[in-house]
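This report concerns only the one structure given below.
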Amino acid sequence: MSAATAVAGLPVRTSGSLPSIVRAELLKLGRRPATWVLLGLWPALQLVFSLLIPYISYRRGSSFEGIPPEQVLATTLPDRLVGNALSGLPLFGGALLLTLGALLAGSEYGWGTLKTLLAQGPRRTTVLAGQVLALLTVLAGTVAFSLALTAGASALIAGAEGAPADWPGLGELARGFGGGLLVAATWGVLGMLLGTALRGTALAIGLGLVWVLAVESLVVNVAAPLLEVFDTLQRALPGVNAGSLVAALAGGTVRTPGVVAVVDGAQAAWVLGAFLAGAIALTGLLLVRRDLS
Amino acid sequence: MTTAPETVGRPTGPAPTVPATPVAEPVVVTDRLTKRYGKRTVVDALSLEVRRGEVFGFLGPNGAGKTTTLRMLLGLVRPTSGSATVLGRPAGTSVAEVGALVEGPGLYPYLSGRDNLRVLARYAGVGAGRIDAVLDTVDLTDRAGDRFGTYSLGMKQRLGIAAALLKDPALVVLDEPTNGLDPAGISEVRGLLRRLAGEGRTVVLSSHLLGEVEHLCDRVAVVASGRLLVESTVEDLRGLGRLVVDARPLDTAAAVAVRLLGPDRVSVVDGALHLQTSPGETAAVNRALVLADVDVTGLRQEARTLEEVFLQLTDGDADLPPDAAPARRTRRGDR
């Protein structure tokens, strides 16, 4: 509480600090079933498509996507940890995290809770900062969990098959974690921007999913090969840059849809950083300038 | 059929003086506060004042601009022009000291009542100890662990009020706290409002329950179409009650009444004396008439309710004489 005194003679109360607001947001996220469903689904799908299905294919002695069985086993081993843990992030992981961001921001309008939060006295920018920091915290936890889950499964496979367990170095792991968090945060905050701009969840999620799963795919696979303007345009798309960054982090061939090195890793990281910063700024602008009626 | 009232006699004697009472400092002041959405003016040059420690009723029909005004006081909506100060500072900068429930309780359906308050306490910078206190105040301790989404409407409103009280605010703004409630829910909220008023907080209450406003509020403002129609104490707004006297001979009775009350408070309507009196004056009127050998065959006190005044004001006839209110209600009933 501040020691300042109001004109009316009452001591000036201040609202909660940023760390306190982050804790409030973490409580909301932690208690919300949708958070666990969306954040749990990505590592689970990642595990199934990166390790489980290829390993079953190897065990049955059949080739997987044209790769001979012995090479399939190699794709599941610990040295491929970063690629195997993150390859789903640009496409289906991105769709799930965009949905989470849209739910986080959009439902505040649907439930009328934003006015309740603001009525406690914090500045609007502080509310946004608290929500973004809480989202980054859970996304960091999820990226770390995906890495740990994939590491554990790869170690089991390597142990079971007597294959070498060559783990990536700490630097590679740190770059993988940072890059994964950047991709995850970009999708999550873009979801928040949609939820705030559209003041709700349904349309925000619908439009976001159409963009991630359809529009970008059409631009990359249909329009870009035909028209140069789209070939240039695709280099500025968040999904394309997310795929390029993960491809660069994976360091080898990743056969997951959406993971294609259209631009180099550094450029992809800058573009995603710009999307992240731009989405936060635009969300803040909408939040600060608009009436809450 | 009701005929127009006929004033009797002329003023005599000095006007009664009202003892001066100290006026508490204002905690909410709006000065020509205006909000427009496009060409639509929702709040139109609203100037009013809420004083410390009073329970202030904010009345008006749906769409009158009450909620928009309250949102401007809380900084949720920006005024188009004009200004507002709350607790001595520009509106929106003192929200941390105001407890508010605006347009229903906006809380998280998947969180328990206690967790909702925990989230808000962290936003408000309030210690967790206040949570139990406000849950106790609204009598929700037993259901605090249940999800908000499972609460009845009355419980939701009570939790919304609990949220408004978390900061132990000096000023509480409650917008339609009884909206959508059944009689039991209204009764629950009514009890709470009485407790808040009893604790000496400044309360700004927007409500359609005019009976509650009438009994709880010290002063009221009536708005319609975004404009302030009147700001006054409840007593002044209702004016004096009406004593209807059936007496014979009528002219003698009227003369006695004029001598007793003054000509401004006496009129003859449909062969009966209509006297503007307080309930305490009834016996004196009766005694004076009997002493003057007037046969009193009927004597009934008719107090104007706030509802009558409200309907009169918001129907665009704010300048009707006090006696016209019941007639207007009759006409409305005939439609």
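Bear in mind these aren't lab numbers, they're just calculated from the coordinates by the rules spelled out. Predicted model only: the values in this text are computed from it and were never measured. Cβ sites come from the backbone with ideal geometry, for glycine too, and all protein chains shown count toward neighbours.
Quick check: net charge around A:R290, other residues with Cβ under 13 Å of its Cβ, Lys/Arg +1 and Asp/Glu -1?
Summing Lys/Arg as +1 and Asp/Glu as -1 gives +4.
Which lysines does B:K35 reach when only Cα atoms under 28 Å apart count, and residues fewer than 8 places away in its own chain are ignored?
Answer for B:K35, where 28 Å is the Cα cut-off: A:K115, B:K66, listed by chain and number.
From the phi of every residue in the stretch A:36-41, what ³J(HN,Hα) in whole Hz does the Karplus formula 6.51 cos²θ - 1.76 cosθ + 1.60 yield, where θ is phi - 60° and glycine or proline is x?
These are the phi-based 3J(HN,Hα) values: 5, 5, 5, 6, x, 5 Hz.
For every helix of n ≥ 4 consecutive DSSP H residues, a contribution of -39,500 (n - 2.57) applies; sum these over chain B, divide by its total residues, and give [θ] at 222 nm rounded to the nearest 500 deg cm²/dmol.
-10000 deg cm²/dmol
From the Cα gyration tensor of the stretch B:240-302, with a ≥ b ≥ c the square roots of its eigenvalues, which class applies: rounded if a/c is under 1.5, or else prolate if a/b is larger than b/c, or else oblate?
Rounded, since a/c falls under 1.5.
Can you work out the Karplus-derived ³J(HN,Hα) for every residue in the stretch A:180-197? Use 6.51 cos²θ - 1.76 cosθ + 1.60 with θ = phi - 60°, whole Hz, and x for glycine or proline.
Calculated HN-Hα couplings, in order: x, 5, 4, 5, 4, 5, 4, 5, x, 6, 4, x, 4, 4, 5, x, 6, 4 Hz.
Mind giving me the FRET efficiency for A:R123 and B:T80? R0 is 22 Å, r the Cβ-Cβ distance, nearest 0.05 is fine.
Using R0 = 22 Å, I get an efficiency of 0.50.
So what's the gap between the Cα centers of the stretch A:168-200 and the stretch A:47-80, to the nearest angstrom?
With the stretch A:168-200 and the stretch A:47-80 each reduced to a Cα centre, they are spaced 28 Å.
Could you go through the stretch B:51-57 in sequence order and give the Karplus-derived ³J(HN,Hα) for each residue, using 6.51 cos²θ - 1.76 cosθ + 1.60 with θ = phi - 60°, rounded to whole Hz, and x for Gly and Pro?
Ordered by residue, 3J(HN,Hα) equals 9, 4, x, 9, 9, 10, x Hz.
Quick one: which residues, 5+ away or cross-chain, put their amide H under 5 Å from the amide H of B:V223? H built at 1.01 Å from N.
Residues meeting the amide H criterion: B:L59, B:G60, B:L229.
Where the convex hull is taken over the Cα atoms of the stretch A:18-289, what is its projected area averaged over directions, in nm²?
Mean shadow area of the hull around the Cα atoms is 15.1 nm².
Largest first and to the nearest Å, give the Cα extent of the protein assembly as shown along each principal axis.
Here the Cα extents, ordered largest to smallest, are 123, 53, 47 Å.
Once amide H atoms are built 1.01 Å from N in the peptide plane, which residues 5 or more positions from B:T277, or in another chain, come under 5 Å H to H?
B:G241, B:R242, B:L243
Which angle between 0 and 90 degrees, to the nearest 10, do you get for helix A:18-31 versus the longest principal axis of chain A when only C-alpha atoms count?
60 degrees
Over chain B, with a Gaussian network built from C-alpha contacts below 10 Å, which listed residue (B:N62, B:N116, B:N179) shows the highest mean-square fluctuation?
Highest fluctuation among the options: B:N62.
If you fit an axis through the alpha-carbon atoms of helix A:94-110 and take the longest principal axis of the Cα set of chain A, what angle between them do you get, 0 to 90°, nearest 10?
Tilt relative to chain A: about 20 degrees.
Cα-based Rg of chain B per 2.2 N^0.38 Å, rounded to two decimals?
Against the empirical 2.2 N^0.38 Å value, I get 1.19 for chain B.
Please give me, ordered by residue number, the GluC sites (Glu not before Pro) of the stretch A:131-235 that lie in loop per DSSP and have at most 15 other Cβ atoms within 10 Å.
In loop regions of the stretch A:131-235 (DSSP not H, G, I, E or B), there are no sparsely surrounded GluC sites (Glu not before Pro).
Can you show me the helix-derived [θ] at 222 nm for chain A, built from DSSP H runs with n ≥ 4 at -39,500 (n - 2.57) apiece and divided by the number of residues, rounded to the nearest 500.
The helix contribution divided over chain A gives -21000 deg cm²/dmol.
Amide H neighbours of B:V28 under 5 Å, at least 5 residues apart or on other chains, H built in the peptide plane: list them.
Answer set, sorted by chain and number: B:V50, B:L87.
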